[in-house]
Amino acid sequence: MKDRSLFKALAVTLTVGWLAVFVIVPNLLTLATGFLTRGEPEFVLPVLTFDNYARLFDPAFFDIFLDSVWLALCTTVLCLLVGYPFAYILARLTPARRRLGLLFVIIPFWTNSLIRTYALIAILNVNGLFNAALLWLGIVSEPVELLYTNTAVFIGFTYTLLPFMILPLYASIEKLDHRLIEAARDLGAGSFQTFFRVGLPLTLPGIIAGSMLVFLPALSMFYVPDILGGAKSLLVGNFIRNQFLVARDWPFGAAASVLLTVVMGLLLYVYWLCHKRVRRAEPA
Amino acid sequence: MEHALPCIELEHVSKHFGDQSVLRDIHLTINHGEFLTFLGPSGCGKTTILRLLAGFERPSTGRLRIGGVDVTDLPPHRRAVNTVFQNYALFPHMTVFDNVAFGLRMRRTPAKVIDAEVFSALRMVKMETHHARRPSQLSGGQQQRVAIARAVVNKPLVLLLDEPLSALDYKLRKAMQIELKELRRTLGITFVFVTHDQEEAFSMSDRVAVMNEGVIEQIDSPSAIYEKPVNLFVARFVGEINTFEGRVLSRNGTSMQALVEGEQVRLSLGGNGNGGGAHCPEGGSPASCGSLSAGSPIKVLLRPEDVRLERAAPGDAGGLTGSIVDTVYKGMTIDLIIEMSGGKKILATEFFNEDAPEALFSVGERVRVGWVEDWEVVLPDEGSQSL
Ligand SMILES: Nc1ncnc2c1ncn2[C@@H]1O[C@H](COP(=O)(O)OP(=O)(O)OP(=O)(O)O)[C@@H](O)[C@H]1O
Ligand SMILES: [Mg+2]
């Protein structure tokens, strides 16, 4: 009894301590930095100002933000469109093949994603594999300039984040009771109706979880746009990074970062609400 | 039934999964309005038959007709059958109302009609007050009713029920059995029911098909299955039965003399009279009574309740005798376990007569074992058959 309460106290202290040191304090520091003034040698001057947060409403920044949201949204949708059928087929395979399929999903993680992103340069190049394939298939008559555009970033995001969509989708599709699908068919629903009325609603938790896991990183990831987007595509992620590392405007970078955190927090809240609704519908 | 029109016809249907043969040459007609039950041990292929009828599986060979239409190649959603699944399979993300309305919505029924139909189906199963609940907020019995309402609201030609009551406790199961029978009466649709509970099969069905390892061993009325089993498997599967080995000594017309457990006894072969009786199966059992002649090995089957016991007088010899080794009080009846002279143990069930307790046998008493003439079942000894 006593040991258990001691263990509990220790576990709670450790968790709270961890959160305080690595989550709460850094976030509070960022929040506070946003209210300070930029200084040359020492990065921040302790002079209170609301300027940084006000500058977030600058149309220029707003455009960047909108671009980022749009790109993240497109990435999420594409990942969903590719990931759902993939996860569905995976969940219907025999156990042995299923393990093999999952292995294929996970193998890319064995290589650092930075390196994989550099590899994408070689593929998306004017002389790269992608263009060669397009030419060979006759889709284009001359190589397209993909690299250093938002399309390249889009491809990079989708490639990098697809497994994060597939895995939660797979988990929820595999959990789906096949007898419910049969029940729907039995009651006169064709494949289409069965999917939209039974399959889709019951795998919604997986869809929401996967979308979160793709959308949130796609909104903030900076190395992919850095490598594949070049100077032409500025997204929130590398904008913030630039404020800190290039423009040396820590307070403004902090303010932008706070905005991103707030937006993600809101999305997580929406996720939680959805999840609660779906969960209530599930059998106890 | 009222109109003996074929509703379901299975023509030489068989089903393999890989190299496993699950159904073998099932040939069967089910009439309109009939309540047919498939009864058999686990794994004998009962669910597979229902899944073939519902359209979730395709037969490996043979054809299926429902309502005169060949449905062998029709997908499930285009068949006029509905299933009540064993685990109910209610949609967890929908309310009771939406669950029941699902089938009607799929057929684009106008909303007003749906409303009326759903409520009338829910009233029928006494669940109308729960229409706004989710399946997870219902008890097992209530979910069962919703599952039935969800199926019958579509007015199918056939209702398929796969062990729909097996998850319910004894009392609820009894109540639901009565409700199902009632429902069948009011709806007049064909019921195809699956169970491995013999009592349930007998109490509900017009006909029972006893299955074993992918074949239908016997299909008949419950009383015929019980009283005139065509083989040992059926006899043993539906209730307790005592088996004696014997050999035919001589035959004359409707009776024969046989050596049973080393004693000479008279067995009847007529099968008229008291509704029971040993009989020759007409359905083409592998070895029919016709093959019984002097010297043939036979099995004599006797239900415990058909056994008649008499106290054996001390000097008495001849006939089957044994001694009581145990008595089991069962309330209405009392089970007596008798060890025969040859060492074989048999079971006899006697009614408990409160007015004459002295008529009861007690442990250690020697008894003469007989039976109501004509109620014994004589089968050719198929040798290898065992349960
Ligand atoms: N999809 C399938 N693939 C392979 N084998 C199957 C499949 N479905 C059923 N079987 C096999 O077919 C046999 C009959 O199964 P079925 O489910 O019809 O039995 P059942 O009579 O309903 O048994 P129970 O009383 O246990 O429900 C079993 O041996 C089972 O393993
Ligand atoms: Mg079954």
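Scanning region B:32-50 for residues that are more than 9 Å from ligand 2 (Cβ to nearest atom) and surrounded by fewer than 19 Cβ atoms within 10 Å (Cβ to Cβ) returns B:H32, B:P41.
Scan region A:156-168 for residues that are under 16 Å from A:L114 (Cβ atoms) and of a type in the set (A, V, I, L, M, F, W, C) and jot them down. Residues satisfying the conditions are A:F157, A:L161. Out of (1) at pLDDT below 95; (2) within 16 Å of ligand 1 (Cβ to nearest atom); (3) in contact with a helix residue (DSSP H, G or I) (Cβ under 9 Å, 6 or more places away or on another chain), what's the single condition that is false for B:R79? Every condition holds for B:R79 apart from (2). Evaluating B:T95 against the criteria (1) among the polar types (S, T, N, Q); (2) more than 12 Å from ligand 1 (Cβ to nearest atom); (3) away from chain A (no Cβ under 14 Å) leaves one unmet condition, (3).
Going by what's in this entry, would B:V125 be described as away from chain A (no Cβ under 14 Å) and of a type in the set (V, I, T)? Answer is yes for this residue. Here B:R58 meets the list (1) closer than 20 Å to B:D162 by Cα; (2) within 16 Å of ligand 2 (Cβ to nearest atom); (3) without any contact (Cβ under 8 Å) to a residue 24 or more places away in the chain almost entirely, failing just condition (2).
Just the residues that are more than 14 Å from chain A (Cβ to nearest Cβ) and either over 20 Å from B:L187 (Cα atoms) or crowded, with 23+ Cβ neighbours inside 10 Å (or both), please, taken from region B:98-121. Passing the criteria: B:P110, B:A111, B:K112. The set of residues from region B:133-144 being more than 12 Å from every other protein chain (Cβ to nearest Cβ) and touching a His at 6+ places or on another chain (Cβ under 9 Å) comprises just one member, B:Q142.
Selection of region B:145-169 for residues being away from chain A (no Cβ under 11 Å), hydrophobic (A, V, I, L, M, F, W, C) and part of a loop (DSSP other than H, G, I, E, B) yields B:L157, B:L165, B:A167, B:L168. Going through (1) aromatic (F, W, Y); (2) under 30 Å from A:L204 (Cβ atoms); (3) without any contact (Cβ under 8 Å) to a residue 24 or more places away in the chain one by one, A:F62 falls short only on (2). Take the residues in region B:35-59 that are under 17 Å from B:V192 (Cβ atoms) and among the small types (G, A, S), then tell me which one is farthest from the other protein chains (Cβ to nearest Cβ). My answer is B:G40. Of the helices (runs of 4 or more DSSP H) lying entirely inside region A:41-111, the ones with 1 or more residues being among the hydroxyl-bearing types (S, T, Y) are found at A:51-55, A:59-92. Filtering region B:170-226 to residues that are more than 16 Å from ligand 1 (Cβ to nearest atom), of a type in the set (D, E) and either under 19 Å from B:T29 (Cβ atoms) or at pLDDT 95 or above (or both) leaves B:D206, B:D220.
Being more than 14 Å from ligand 1 (Cβ to nearest atom), without any contact (Cβ under 8 Å) to a residue 40 or more places away in the chain, more than 14 Å from chain A (Cβ to nearest Cβ) and within 25 Å of B:K155 (Cβ to Cβ) is true of B:L5. The combined condition, being more than 16 Å from ligand 2 (Cβ to nearest atom) and assigned to a strand (DSSP E or B), is not fulfilled by B:L74.
Go through (1) of a type outside the set (V, I, T); (2) farther than 25 Å from B:L5 by Cβ; (3) more than 10 Å from chain A (Cβ to nearest Cβ); (4) not in a loop (DSSP other than H, G, I, E, B) for B:G62 and report which single condition fails. Checking B:G62 against (1) of a type outside the set (V, I, T); (2) farther than 25 Å from B:L5 by Cβ; (3) more than 10 Å from chain A (Cβ to nearest Cβ); (4) not in a loop (DSSP other than H, G, I, E, B), the one that fails is (2). Being among the hydrophobic types (A, V, I, L, M, F, W, C), at pLDDT 90 or above and out of contact with any Asp or Glu (no Cβ under 8 Å at 6 or more places or on another chain) is true of A:L78.
Suppose we filter region B:128-144 for residues that are part of a loop (DSSP other than H, G, I, E, B) and either modelled with pLDDT of 95 or more or surrounded by fewer than 21 Cβ atoms within 10 Å (Cβ to Cβ) (or both); how many remain? Going through region B:128-144 one residue at a time, the tally reaches 5. Output yes when any residue across region A:148-165 is touching a residue at least 12 places away in the same chain (Cβ under 8 Å), more than 21 Å from A:I106 (Cβ to Cβ) and surrounded by fewer than 15 Cβ atoms within 10 Å (Cβ to Cβ), and no when none is. There is no residue in region A:148-165 that is touching a residue at least 12 places away in the same chain (Cβ under 8 Å), more than 21 Å from A:I106 (Cβ to Cβ) and surrounded by fewer than 15 Cβ atoms within 10 Å (Cβ to Cβ). Figure legend. Inter-residue proximity from region A:119-138: first residues under 16 Å from A:A152 (Cα atoms), second residues of a type in the set (D, E, K, R), beta-carbon distance below 7 Å, spacing 6+ or different chains. Indicated pairs: A:V126/A:E145.
Give region A:46-69 a look and list any residue that's surrounded by 13 or more Cβ atoms within 10 Å (Cβ to Cβ) and not charged (D, E, K, R), or say none. Result: A:T49, A:N52, A:Y53, A:L56, A:F61, A:I64, A:F65, A:S68, A:V69. I'd like to check something: does region B:24-32 contain any residue that is more than 14 Å from chain A (Cβ to nearest Cβ), within 12 Å of ligand 1 (Cβ to nearest atom) and within 22 Å of B:V238 (Cβ to Cβ)? Yes, region B:24-32 has at least one match. Here are some residues: A:T194, A:T261. Which one is modelled with pLDDT of 90 or more and within 14 Å of chain B (Cβ to nearest Cβ)? Unique residue meeting the criteria: A:T194.
From the set of residues in region B:65-92 that are within 13 Å of chain A (Cβ to nearest Cβ) and among the polar types (S, T, N, Q), which is surrounded by the fewest Cβ atoms within 10 Å (Cβ to Cβ)? My answer is B:N87.
The values are calculated or read from the model by the stated rules, or taken from the named source; none is laboratory data. Computed from a predicted model, the values in this text were never measured in an experiment. Glycine also receives a Cβ, built like all others from the backbone with ideal geometry; neighbour counts cover every protein chain displayed.
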